[in-house]
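Quick notes on the structure that follows.
The values are calculated or read from the model by the stated rules, or taken from the named source; none is laboratory data. Predicted, not measured: the structure shown is a model, and the values here were computed from it. So basically every Cβ, Gly included, is an ideal-geometry build from the backbone, and we count neighbours across all protein chains shown.
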Amino acid sequence: DGVTLLSDYKPYPYEIEKISLVFQLAPEATKVRATLAMTPRDGVADLHLDGEDLKLLGVALNGAPLAAEAYTLTTTGLTIAASALPEGAFELQTEVEIAPAKNTALEGLYMSNGMYCTQCEAEGFRKITFYPDRPDVMTRFHVRIESDLPVLLSNGNPVGQGAGFAEWDDPWPKPAYLFALVAGDLRATSGSFTTASGRKVDLNIWVRPGDEDRCDFALASLQRSMKWDEEAYGREYDLDLFNIVAVDDFNMGAMENKGLNIFNSKLVLASPETATDTDYERIEAVIAHEYFHNWTGNRITCRDWFQLCLKEGLTVYRDQSFTRDVRLGALKRIDDVAMLRARQFREDAGPLAHPPRPSSYREINNFYTATVYEKGAEVVGMLATLLGAEGYRKALDLYFERHDGQACTIEDWIKVFEDASGRDLGQFKLWYTQAGTPHLSVSEQFENGTYTLTFEQVTAPTPGEPEKPPRHIPTAVGLLGQNGDEVVPTQVLEMTKGRQSFTFTGLAAKPVPSILRGFSAPVVLERDTTPAEQAFLLAHDTDPFNRWEAGRNLARDTLMAMAQGATPAPDYLEAVGQMLADDAATPGFRAACLRLPGEDEIAAALAKKDVVPDPDAIRAARRGLMATLAQRHEAALVGAYEGSAVPGPYSPDAAPAGKRALRLAALALLSTLDQGRRASALYAEATNMTESIGALGLLVAQGAGQAELTAFAARWGADPLVMDKWRSVQAMLSPPETAVEVVTAIAESGAFEWKNPNRFRSLLGGFAANHAGFHRADGAGYALFADWLIKLDPLNPQTAARMSTAFETWRRYDATRQTHAKAALERIAGTQGLSRDLSEMVGRLLG
Ligand code: HT7
Ligand code: ZN
C-alpha cells in the first residue's frame, strides 16, 4: 500500500566496491553510464536497483550485454534475477538517458538558469541512474563529466581535466544521497583553511557571474565553522578541497554533498544593501550546519531514512551551539526556542505529529520536519544536559571512534551515551520514539525552611499513539531570594515518573523558583503564578532565557485575556518599562523582550485552554497592546529608537545587529502612535536592508507604504532575492481585509516566477504567516492557498507538500472556518493525478 516500515529493514544483499559514472551532459538528453563493481554478501540473490524516470539504453554484465529475459524493468527500478548472476564478484554496467531541462521537481539532475546541478537526498539519485538508492549502501565514486561548460564539479578531488571534460574521485565511501554534480558558467570566491594538523584546504564559493561580490561573508563563515569543529568536537576536514555552489532553484536551504555543498543562493549571497541581519545570521548557521554534516551525516551516516534525526538533530544541535559560541549566546537560545514553539510545538499538537524517529512513512520528503530537525536537536541537548559538558564530549568522541564509516541507528547512538556514562537511557529513548509535547505542571510548598517542588507530566495522545508513558525530563532549576539573589544555583532535577517531588532544605525564606532554565527540555511548563512573580523574574532572573521567558509569559497571558475582552494587565505594562530601562541588559536582549508573541502563538495558547481562537480579535488585541505599550512608554521608546542607531559602515556582528533589532522593535511600537512618520523617515535614510525592509514592513502593516513599495520595486526589480522580501512583507503583513487581494495581484502579475521555490515561498509562505489574512472568515485565504498548491503540485510536489503545512492548525478555529478549510483540503485531495507527496500530507491533515 505504499507504506515503508522501519520494522521491514533488511540489509542490501550486495557490497559495492566502487561506482564509476560518466555523464554526457545535454539539456534534453543527458547520457549517464554507470559501472558498479559488486560482490554478493551472502550468496547470490535477486539484485534490485532503484530507478525512476530513466530511459534505459543498455545493461551489461561483465562487459557482455544482458539478455532482456534476465531482468525486469518497472516504474520503480530494475531487477536482475539471481539465476542470471555469477557466484562471486562481477561488474554491472547500465546506460540511461535523462532530461535535466524538463526536471521541474528539482530532485535528481536538473537545470537552473543554464547550469546543471543535482539534489539527491533523500531519494533523488534513482532519477539519475539505476542504483541501490539507500543510505546504508556506501561506496567510492569516480565521476567523469563531459560538457563544454567552463566549470565541471563533483565530489572529492579533481583527478583529470581537459577540453570538454573533468574527472573527479572521492576517496571516502558514501551513500548515493551525497553524490553531487554541478556544471555551468560559474565564478569562484576562493580562500583556504589550514587544519589543526597542518593540511591546507582550498575553499571555493561558486556563483553566477555578477554575484561574486556577495560571497565574502559565506567564505568567512565556512572558515569559522571549520575552526569551531576542530575546537569543540576535535573534527578536522578530510579532503584538500571544499566547494560550495549557489543555485537559484532549490527546494530547501542547502545540501551537504561530500566536498561539494550545494546551497540555495539566498543562503550564500549577502551584502549590507541586500541582506538583513537575520539573513547574515542564517547564512552563517547554514554554512556551519552543512559543513558539520561532514562528520555527522557523511562520515557517519544513517542506516535508513527513519534514522534521519541521527544526522539532522545532532547537526542542528551542533550548528546552534556554534552560533551561540560565535555570537551572543543567550539570545540564540531565545530565538531557537521561539522557533521551536512556533513550528515544532505546533506540529506536535496537530494532525502531522510524529516522533523524531518515525516508524512508517509514505513519502520520506515529508519527514524533513521541525520535529526531526529541531526537536531532534533538543533531544541531543537533553543528553548533553544529563551527561554534562565533559560527559557529552566523551560520548561524542566514542561515537566518532566507534562508528566512523558506518551507517547507524538511533539505537547505536543511545548505546554510545550509555557506554560513555554508564547510565541506562532506556526511558530516555522515548523522546525519539514517541510524538507529542509533554505538559509539565508544577506546584510548590514551603514549610520550616524546606521548599518542595512537585512536578506532574502529561502528554496528550497523538495520531496513532493513545498511551504516553512518562518521559525522562531534565529540569534545570534555580531558586532566587526575595531580593533577587540566587540562593540555590542551577541544578538539574531528573524527572522520570508521572508525578515527582524534589526538596530543597535549609532556606531562610520562601524562594522564587526559576524552572526549566535555558529551556532544558522541550515541554510546556504550566504553573499558576501571579503576574507579580513573573514580573519579578523578568526583572531579576539570573538565567537570561528564563528572564525572557517570564516576560513572554506575561505578554502571552495579557494577550490571551485581551483577545477575550480584558484590558492589559498593569504588572506587564510596568515590567516592560523596567526592562526597557535596564541598561545592563544588551540591546538585543531588550529587543527580544519587547517583541510580542505572534498571532499564531496566541491562537495556539487559547486553543490549549479550549477557547476557540478568533483571528480578528487576536490581531486587534496584539495591535491594541502595542499601542498601549507605546503610549505608556513613549519617551523610553523614543530614547531606545534614537539611542540605538548604529552609525558608520554596516557590520553583521551580533552587537550592532542587536542594536538594530532594538531600534526596530521600539519603532514597531512607536509606529502605532505616529502614523508611520518615523518608519517612513527611516525607510528614506536607511543604508542597509535590515532597516529598509524593517521600516517597509511596519508601513505595510498599517495599510500604508505604497510610495515606498513602488520605490523599492524600482530599485530592486532586477534582483529576485531582494524582491522576495518585497513580496513576503506584503503577503505577511498586509491587513487581513486586503491580504488576499494583495497576494492575488502579485501572483497574477506577469512578473511572478512561481515555479521557482524561493519566489513561491516568498509570496505563499508569507501569506500563510499572515494569521488573520490566511484564516479570513469567508475562507478566501484557504481557497487561494489551495489553488496555488494544486497549481504547483504537478511541477514540484516536494515544495507543494511542504507548503501544505499551512493547514496544520485548521481544526483550532470555529465551525465556519473549519468548513472552508476542510473544503479547500478536500478540493486538493480530489485533484486528478495528485502527487504522493501532497496526497500523503492532505490525507494526514484531514485524518
Ligand atoms: N540534508 C539536507 C536535506 C535536504 C533535502 C531533503 C529533501 C529534499 C531536498 C533537500 N535539500 C536538502 C539539508 C540539511 O539538513 O542539511
Ligand atoms: Zn542537515
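Values as computed for the structure displayed
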{"item": "Wholly within the range 139-192, strands (runs of 3 or more DSSP E) carrying at least 1 residues that are within 27 Å of Arg299 (Cβ to Cβ) and among the acidic types (Asp, Glu)", "result": "165-174"}
{"item": "Long-range neighbours under 7 Å by Cβ, at least six apart or interchain, first residue in a strand (DSSP E or B) within the range 102-126, second more than 11 Å from ligand 1 (Cβ to nearest atom) and charged (D, E, K, R)", "result": "Gly108/Lys127; Ser112/Asp248; Ser112/Asp249"}
{"item": "Odd one out for Lys311 among (1) more than 22 Å from Glu231 (Cα to Cα); (2) of a type in the set (Lys, Arg); (3) in contact with a His (Cβ under 7 Å, 6 or more places away or on another chain)", "result": "(1)"}
{"item": "Matching entry among Ala617, Ala635, Ala640 (being modelled with pLDDT of 95 or more, of a type in the set (A, V, I, L, M, F, W, C) and within 27 Å of Phe345 (Cα to Cα))", "result": "Ala617"}
{"item": "Unmet criterion (only one of (1) assigned to a strand (DSSP E or B); (2) more than 14 Å from ligand 2 (Cβ to nearest atom)) for Phe263", "result": "(2)"}
{"item": "Residue that is nearest to Arg282 (Cα to Cα) [pool: residues in the range 341-373 that are of a type in the set (A, V, I, L, M, F, W, C) and within 16 Å of ligand 1 (Cβ to nearest atom)]", "result": "Ala370"}
{"item": "From Pro351, Pro355, residue being surrounded by fewer than 19 Cβ atoms within 10 Å (Cβ to Cβ) and under 20 Å from the mean Cα position of the chain (by Cα)", "result": "Pro351"}
{"item": "Qualifying residue in the range 743-751 (condition: buried (at least 24 other Cβ atoms within 10 Å of the Cβ) and farther than 26 Å from Asp610 by Cα)", "result": "yes"}
{"item": "Qualifying residue in the range 442-453 (condition: surrounded by 20 or more Cβ atoms within 10 Å (Cβ to Cβ) and more than 16 Å from ligand 2 (Cβ to nearest atom))", "result": "yes"}
{"item": "Looking only at the range 411-441, and only at residues there that are touching a residue at least 60 places away in the same chain (Cβ under 8 Å), of a type in the set (Gly, Ala, Ser) and surrounded by 17 or more Cβ atoms within 10 Å (Cβ to Cβ), the one that is nearest to Gly498 (Cα to Cα)", "result": "Gly436"}
{"item": "Pick from the range 112-122, criterion away from ligand 2 (no atom under 16 Å from the Cβ) and surrounded by fewer than 23 Cβ atoms within 10 Å (Cβ to Cβ), ranking: nearest to Glu363 (Cα to Cα)", "result": "Ser112"}
{"item": "Exclusive hit being farther than 23 Å from Gln344 by Cβ and surrounded by fewer than 20 Cβ atoms within 10 Å (Cβ to Cβ), set Lys510, Lys468", "result": "Lys510"}
{"item": "The range 303-329 residues that are more than 15 Å from Val286 (Cα to Cα), paired with ones that are in a helix (DSSP H, G or I) and within 11 Å of ligand 1 (Cβ to nearest atom) (beta carbon under 7 Å, 6 or more apart)", "result": "Trp305/Ile364; Leu308/Phe367; Leu308/Val372; Cys309/Val372; Cys309/Gly376"}
{"item": "Boolean, Ala60 is more than 16 Å from ligand 2 (Cβ to nearest atom) and touching a helix residue (DSSP H, G or I) at 6+ places or on another chain (Cβ under 9 Å)", "result": "no"}
{"item": "Sole residue being buried (at least 18 other Cβ atoms within 10 Å of the Cβ), under 20 Å from Leu106 (Cβ atoms) and in contact with a Gly (Cβ under 6 Å, 6 or more places away or on another chain), chosen from Leu181, Leu267, Leu219, Leu203", "result": "Leu267"}
{"item": "Some residue of the range 305-312 being more than 11 Å from ligand 1 (Cβ to nearest atom), over 13 Å from the mean Cα position of the chain (by Cα) and part of a strand (DSSP E or B)", "result": "no"}
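Residues are listed down the side, and each one gets a yes or a no for (1) assigned to a loop (DSSP other than H, G, I, E, B); (2) within 16 Å of ligand 2 (Cβ to nearest atom); (3) modelled with pLDDT of 95 or more; (4) crowded, with 24+ Cβ neighbours inside 10 Å:
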{"residue": "Arg224", "(1), (2), (3), (4)": "no, no, yes, no"}
{"residue": "Phe242", "(1), (2), (3), (4)": "no, no, yes, no"}
{"residue": "Phe250", "(1), (2), (3), (4)": "yes, yes, yes, yes"}
{"residue": "Glu284", "(1), (2), (3), (4)": "no, yes, yes, yes"}
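Matching residues to (1) of a type in the set (Gly, Ala, Ser); (2) out of contact with any Cys (no Cβ under 9 Å at 6 or more places or on another chain):
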{"site": "Leu92", "(1), (2)": "no, yes"}
{"site": "Ile98", "(1), (2)": "no, yes"}
{"site": "Lys102", "(1), (2)": "no, yes"}
{"site": "Ala105", "(1), (2)": "yes, yes"}
{"site": "Met111", "(1), (2)": "no, no"}
{"site": "Ile128", "(1), (2)": "no, no"}
{"site": "Thr139", "(1), (2)": "no, yes"}
{"site": "Gly164", "(1), (2)": "yes, yes"}
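One line per residue, one yes/no per condition, for (1) among the β-branched types (Val, Ile, Thr); (2) within 15 Å of ligand 1 (Cβ to nearest atom):
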{"site": "Gln223", "(1), (2)": "no, no"}
{"site": "Gly234", "(1), (2)": "no, no"}
{"site": "Glu256", "(1), (2)": "no, yes"}
{"site": "Glu273", "(1), (2)": "no, no"}
{"site": "Thr276", "(1), (2)": "yes, no"}
{"site": "Glu281", "(1), (2)": "no, no"}
{"site": "Ala285", "(1), (2)": "no, yes"}
{"site": "His293", "(1), (2)": "no, yes"}
{"site": "Gly297", "(1), (2)": "no, yes"}
